[in-house]
Structures are given as C-alpha cells and as structure tokens.
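Have a look at the structure below before the remarks.
Coordinate-derived values only; no laboratory data. Note that the structure is a prediction, hence the values are computed from the model and not measured. We place every Cβ from the backbone using ideal geometry, glycine too, and count neighbours over all the protein chains shown.
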Amino acid sequence: MGGRTVWLFGHQLSMKMPALVTMDRGRDTILIVKAASRAGWLAYHKQKIAFVYAAMAHFVEELRSDGYRVDYRTAETFDAGWTAHVAEWNPSEVCIHVPTEDRFRRMVLRWAAEDRPQNVKLFEESALFLVGESEWETLLPDGQQWRLDGVYRLLRQRFSILMDGKKPEGGKWNYDQDNRKPPKKGLQFEPALFFPPDECTKQVIEDVEQSFSDCPGRLDSFAWPVTRQQAAALLDHFLEHRLPTFGEYQDAMMTGNLFMSHSLLSAVINVGLLDPLEVIRKAEHAYREAKAPLAAVEGFIRQILGWREYVRGVYLRSMPEYAQLNALGHTNPLPSFYWTGETKMNCMHQVVTEVIQYSYSHHIQRLMVLGNFANLAGIRPQEVSDWFNQMYVDAYDWVVLPNVLGMALYADGGKMSSKPYISSGLYIDKMSDYCDGCAYDVRKRTGENACPFHSLYWHFIHRHQEKLSRNARMGQVVSAWKRMEEPTQAELLEQAEYVLDKLAGGEL
Ligand SMILES: Cc1cc2nc3c(=O)[nH]c(=O)nc-3n(C[C@H](O)[C@H](O)[C@H](O)COP(=O)(O)OP(=O)(O)OC[C@H]3O[C@@H](n4cnc5c(N)ncnc54)[C@H](O)[C@@H]3O)c2cc1C
Ligand code: SF4
C-alpha cells in the first residue's frame with residue numbers, strides 16, 4: 001500500500017486546503033481529475049471551462065515544482081479517475097474536502113458511505129471560506145428571519161476588520177449611502193490588469209474550442225488570471241489603482257466600460273487561487289495606509305466578508321429544496337436573447353453581449369438588468385438560475401442560487417433578502433447610459449416604443465400586490481399602484497400584455 005491520496009477538485013486550488021497542509025510530501029500523492037462529466041453538468045460558457053482547466057493545469061505545475069507528487073489525469077467521470085488512480089497508486093486512504101455545491105457534495109458523501117478498500121477521510125473546505133460549515137446552523141437558525149447585517153457585523157468583530165475597539169471604524173457599519181453615484185459623461189477608470197494566455201492556457205483554449213464547440217460564449221478575449229501569482233498581481237493592482245474609486249460608482253453601468261472599478265476577483269477567489277481573508281486584510285491595510293477612502297474599502301470588504309459568506313450559509317442551510325423554489329409562481333420561458341443578445345432593449349443587448357464576450361458582468365448588471373427583467377417578465381426561476389450558472393466564469397451553484405433565486409428573483413419569498421430588487425426603466429436610466437442608445441423611449445410608459453420595463457414593473461406589482469403589501473419595504477409602491485386612476489392602471493396592464501406578447505413572439 002502506498003501513502004495517502006489528497007484529492008483536490010478544480011475549485012479547490014488552494015495551498016491552504018486542510019488535507020494538503022497536513023500531508024506527508026515524501027509519501028502522499030495529490031490527485032486531480034479532469035472529469036469530462038463535470039464539464040457536462042450544464043452547457044457552460046467556454047471561458048468558464050477554459051478558466052478552470054487552465055487554473056488546474058497551472059496549479060499542477062506549481063505543485064510539482066514545489067516538490068509535490070501529483071497524479072493529474074483526465075477521465076470520463078470522477079469515479080473512473082479514482083478507480084484508475086487507485087489501480088496505479090494503491091493509496092491507504094483518500095482525503096477529500098466536501099464541496100459546498102450540493103450535487104458534488106452528495107456524490108462525495110455517497111463515496112464516503114460506500115464500502116471501498118481505501119478509507120475515505122473527509123475534510124471541510126475551510127480554506128475557501130471564513131465561516132466553518134457547521135456554524136451556519138447557529139448563525140442562520142431555523143424559524144428566524146435571516147439577514148446579512150447580523151452575520152456581517154459578527155464577522156467584522158470576530159476577525160477584527162475595520163474595527164475601532166468595539167465600534168465600527170468611522171462609527172458606521174455600512175457606507176453604502178456614499179456608494180451609489182450615477183455615471184458621469186467622460187468618467188474613466190484605471191483599467192484592470194489582464195493576462196494574455198501563455199502556451200499552456202493557449203493549448204487549453206484550443207482544446208475547449210474543439211471539445212466544447214456547442215457551448216455558449218467566445219474565447220478570443222480570454223484574459224483571466226490562472227495562477228496564484230497572477231491572482232495576487234490582480235489583487236495588488238486593484239488595491240493600488242482601482243479600490244479608491246470602487247465605492248462611488250459601484251452601481252453605475254457604462255456602455256463600453258464593462259469592468260469600471262470592479263475587482264474581477266470573484267473567479268480566482270471561488271477556485272481558491274486567492275484567500276478571501278488575505279484579500280480582506282489587504283484591503284483594510286490600504287485604508288489604514290490612507291490609500292483608499294473608508295466608504296470604498298468598507299463597501300468592498302462587505303461584499304466578501306459579508307455577502308460571499310452569507311450566501312454560502314443560506315445555500316448550505318436551504319438545499320436541496322432551495323433549488324426548486326418559485327414563490328412568485330413564474331412560469332414563462334427564458335427569452336432566446338439571453339443567449340444571443342439580439343433584442344431592441346439596449347440595456348439587455350449591451351449586458352448579454354458582454355457576457356457572451358467576457359463571461360462577466362458586474363453586480364448591478366446581473367441584478368438590476370438581467371435579473372430584474374427576468375423577474376418582471378415572469379420567467380421561471382430555475383431557467384434563470386441555470387443560465388447564470390452556465391454563463392459566468394465565477395459561477396458555482398452555492399453562489400448562484402441565493403443571488404439569483406433569493407436576491408434577484410425573490411423566488412424564496414424573502415428568505416435571504418428583505419424585498420424584491422425590481423425597478424422600472426427609470427433606475428436603469430439613472431444608473432447607466434444605456435437608454436440613450438435604445439430603440440425604446442425610457443420616458444414613455446405606453447405606446448409602440450415605450451420602455452418595456454415600465455409596464456412590466458406595474459404588471460408585476462399588480463399581480464403580486466397581495467404578497468407585496470405584507471412587505472414593509474414594498475408597501476409604498478403597492479399603495480402608489482392602488483392610488484392610480486383605474487384607466488391609467490388599465491392602460492399599463494394592457495401595455496404589459498402587449499409587451500409580453502411581443503416577448504413570446506421574439507419581437508422585443
Ligand atoms: C443575479 C446574480 C448572480 C450572481 N452570480 C454570481 C456568481 O455566479 N459568482 C459569484 O462569485 N458572484 C455572483 N454574484 C455576486 C456578484 O455579482 C459577483 O461576485 C461580482 O459581480 C463579481 O465581480 P467582481 O469580482 O468584479 O466583484 P466586485 O464588485 O469587485 O466585488 C468584490 C467581491 O465581492 C464578492 N461578492 C460581491 N457580491 C457578492 C454576492 N452578492 N455574493 C457573493 N459574493 C459577492 C465577490 O467575491 C467579488 O469578487 C451574483 C450576483 C447576482 C445579483
Ligand atoms: S429604454 Fe428601457 S429597454 Fe431601453 S435601455 Fe432604457 S431601460 Fe432598457
């Protein structure tokens with residue numbers, strides 16, 4: 001019998017994975033399996049597949065050059081890869097970190113329960129997150145309203161992040177009020193760091209282009225960091241040059257300026273190439289060194305220390321039922337323009353085209369354009385969450401489902417956020433320059449070229465008014481709808497039906 005095997009999956013590329021830290025380099029082996037079956041769970045954006053494969057290949061190179069013994073193999077399934085590995089290496093024990101993603105997790109737990117000659121020893125994925133899995137039961141107790149704020153404050157205190165003794169730095173926990181500026185004409189940002197593919201990544205891209213030719217997305221603009229060194233360089237560059245302007249225009253959207261001051265770090269954090277706590281501490285350091293204002297730094301840290309941890313907690317506490325929730329009873333199919341970008345609505349056209357090109361959108365584009373439209377148009381939540389899972393380089397079920405079903409679509413009936421994030425065209429007009437170049441008129445609510453978001457918004461309020469009137473944050477909107485003159489209501493509802501007909505006919 002050989003030594004032990006530490007099996008790492010493609011999203012576990014961290015040197016801090018607990019089984020890796022404790023392994024005996026002289027005796028033990030690291031197993032990494034490139035399983036074709038995993039890439040086929042859904043038809044993923046080509047950049048997502050290429051990103052994970054390139055990151056895996058580079059991680060293997062790094063491990064080997066650090067003196068680790070690595071069995072990196074390609075197989076049809078994980079099981080086949082494991083069987084072949086065991087036949088060759090005959091390990092005494094296989095150490096596996098239990099993935100957060102439900103489907104993956106069940107597969108691993110099934111392996112552990114099976115009677116195999118090798119013991120399966122399970123570890124937590126603790127290097128990828130700050131909160132241990134078992135703690136979520138206490139942090140998000142059954143029968144209580146779950147909200148981000150309490151979790152965020154507790155983690156700020158626990159890790160002593162942006163604290164002034166027992167008080168939050170600057171006296172407030174949250175500086176979002178300073179972070180909601182609309183874009184100004186001519187606004188410019190220091191560009192992010194991009195990484196032209198090296199020979200290894202070029203080979204991966206070629207393979208993906210061939211093997212996944214039916215998958216969505218383009219590869220010609222692939223420039224993601226795929227090594228720990230590149231991920232660290234992206235972070236340092238962001239902290240030095242882009243964090244100072246991250247906050248102010250965090251919610252703004254601009255044509256031709258997809259990345260603005262966003263960090264682009266989600267993909268590398270989610271696969272373990274960057275340690276979330278290190279990112280947070282470095283951001284705090286930038287504030288302490290007076291390199292970035294408090295509002296920007298707090299806003300950035302809240303996304304990682306707060307939202308990223310919180311959504312994982314919601315996922316762990318709510319699966320598997322969460323995946324099927326549809327509190328608003330929406331059943332319309334996903335419009336084809338989510339795949340092509342071919343629609344006269346300029347906001348949707350711009351954002352979807354960029355997703356096809358870069359496998360990326362920033363938060364407000366995901367929430368207030370793509371998610372908002374899907375919700376207003378009554379699209380079946382699971383079709384929307386599948387689309388998000390497929391199209392983004394940073395997408396994993398644990399982060400997609402709470403963000404899409406919970407935050408964007410309110411399909412969980414308010415389990416994770418306090419209200420539906422919906423808006424008419426006015427919000428998009430205020431926070432972007434999209435309406436200037438649109439075939440529809442954002443100032444018109446009815447008529448042939450009226451902005452579809454307006455009537456769909458009121459249609460949504462009308463059809464869900466009973467549920468929404470029980471929500472303290474939506475009460476005013478429902479009252480505004482009820483106060484509207486009946487002919488105005490009728491006109492808006494008729495317009496919405498017209499829009500929905502056009503949508504169904506592929507003419508929007
Ligand atoms: C409908 C919808 C779908 C989303 N799908 C994903 C997804 O598949 N994968 C993903 O990582 N994030 C997802 N998010 C959250 C967020 O939009 C992305 O993390 C962010 O846009 C990534 O870009 P960035 O790295 O430039 O982020 P920045 O704007 O620079 O934010 C910094 C970091 O904070 C974290 N973060 C910010 N917001 C969230 C959030 N709501 N949940 C979890 N982490 C957050 C990310 O690690 C991100 O890198 C989604 C949000 C919505 C509304
Ligand atoms: S007018 Fe309406 S559809 Fe057109 S870009 Fe603005 S919000 Fe989008």
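Under the criterion of Cα pairs below 8 Å and six or more residues apart, the relative contact order for the stretch 4-128 equals 35 percent. When each of Asp198, Asp220, Asp433, Asp102 is scored by the number of other beta-carbon atoms lying within 10 Å, the sequence from fewest to most is Asp220, Asp198, Asp102, Asp433. When you restrict to C-alpha pairs under 8 Å that are six or more residues apart and normalise by the size of the chain, the relative contact order lands at 16 percent. Multiplying the residue separation of Glu240 and His363 by 0.36 nm and removing their Cα-Cα distance gives an extension gain of 42.1 nm.
Straight-distance candidates among the aspartates and glutamates for linking to Lys172, with alpha-carbon spacing under 15 Å and chain neighbours fewer than 8 residues away dropped: Asp149, Asp164, Glu298.
All other residues whose Cβ lies under 13 angstrom from that of Trp173 are scored, Lys and Arg at +1 and Asp and Glu at -1, for a net of +2.
For the stretch 103-158, the percent of C-alpha pairs falling in each 5 Å distance bin, counted from 0 to the bin holding the largest distance, reads 4, 14, 18, 19, 14, 12, 10, 5, 4, 0. One Cα centroid belongs to the stretch 425-490, the other to the stretch 188-228; the line between them spans 39 Å.
By a straight-distance test (C-alpha under 16 Å), which lysines pair with Lys419 as possible cross-link partners, with residues fewer than eight away in the same chain excluded? Straight-distance partners of Lys419: Lys467.
Restricting the stretch 227-308 to GluC sites (Glu not before Pro) that sit in a DSSP loop and have at most 11 other Cβ atoms within 10 Å of their own Cβ leaves Glu289. For Tyr421, Tyr427, the sequence from fewest to most other C-beta atoms within 10 Å is Tyr421, Tyr427. Taking the Cα centre of the chain as origin and assigning +1 to Lys and Arg Cβ atoms and -1 to Asp and Glu Cβ atoms, the resulting dipole is close to 1240 debye. Among the listed pairs Lys16/Lys166; Lys184/Lys291; Lys167/Lys282, which are separated by more than 25 Å between their Cα atoms? Distance filter (> 25 Å) returns Lys16/Lys166. So how tilted is helix 78-89 from the main axis of the chain? Cα-based, degrees 0 to 90, rounded to 10. The helix 78-89 is inclined about 10 degrees to the chain. Net charge in the neighbourhood of Tyr322 (other residues with Cβ under 11 Å of its Cβ; Lys, Arg +1, Asp, Glu -1) is -2.
Farthest toward the positive end of the dipole of the chain, out of Ser211, Gly67, Phe259, is the Cα of Phe259, where the dipole comes from beta carbon charges about the Cα centre. Summing Cβ point charges (Lys, Arg +1; Asp, Glu -1) relative to the Cα centre of the stretch 337-504 gives a dipole of roughly 620 debye. I'd like to know which of Ala50, Val351, Asn90 lies farthest towards the positive end of the charge dipole of the chain, counting +1 on Cβ of Lys and Arg and -1 on Cβ of Asp and Glu. In the chain, that residue is Val351. For the chain, the normalised intensity computed at q = 0.10, 0.13 Å⁻¹ comes to -0.83, -1.37 (log10 of I(q)/I(0), Debye sum over alpha carbons, equal scatterers, no solvent).
Between helix 346-358 and the chain there is an angle of about 10 degrees, using the helix long axis and the longest principal axis of the Cα atoms.
Restricting things to alpha carbons, find the Rg to Rh ratio for the stretch 382-508 using the Kirkwood radius for Rh.
0.99
The charge dipole of the stretch 4-128, taken about its Cα centre with unit charges on the Cβ of Lys, Arg, Asp and Glu (plus for the first two, minus for the last two), comes to roughly 220 debye.
I'd like to know which of Ala233, Tyr421, Pro191 lies farthest towards the positive end of the charge dipole of the chain, counting +1 on Cβ of Lys and Arg and -1 on Cβ of Asp and Glu. Most positive-ward Cα: Tyr421. On a straight-distance basis, which lysines could pair with Lys202 in a cross-link, Cα separation under 27 angstrom, same-chain partners fewer than 8 positions away excluded? List returned: Lys34, Lys46, Lys48.
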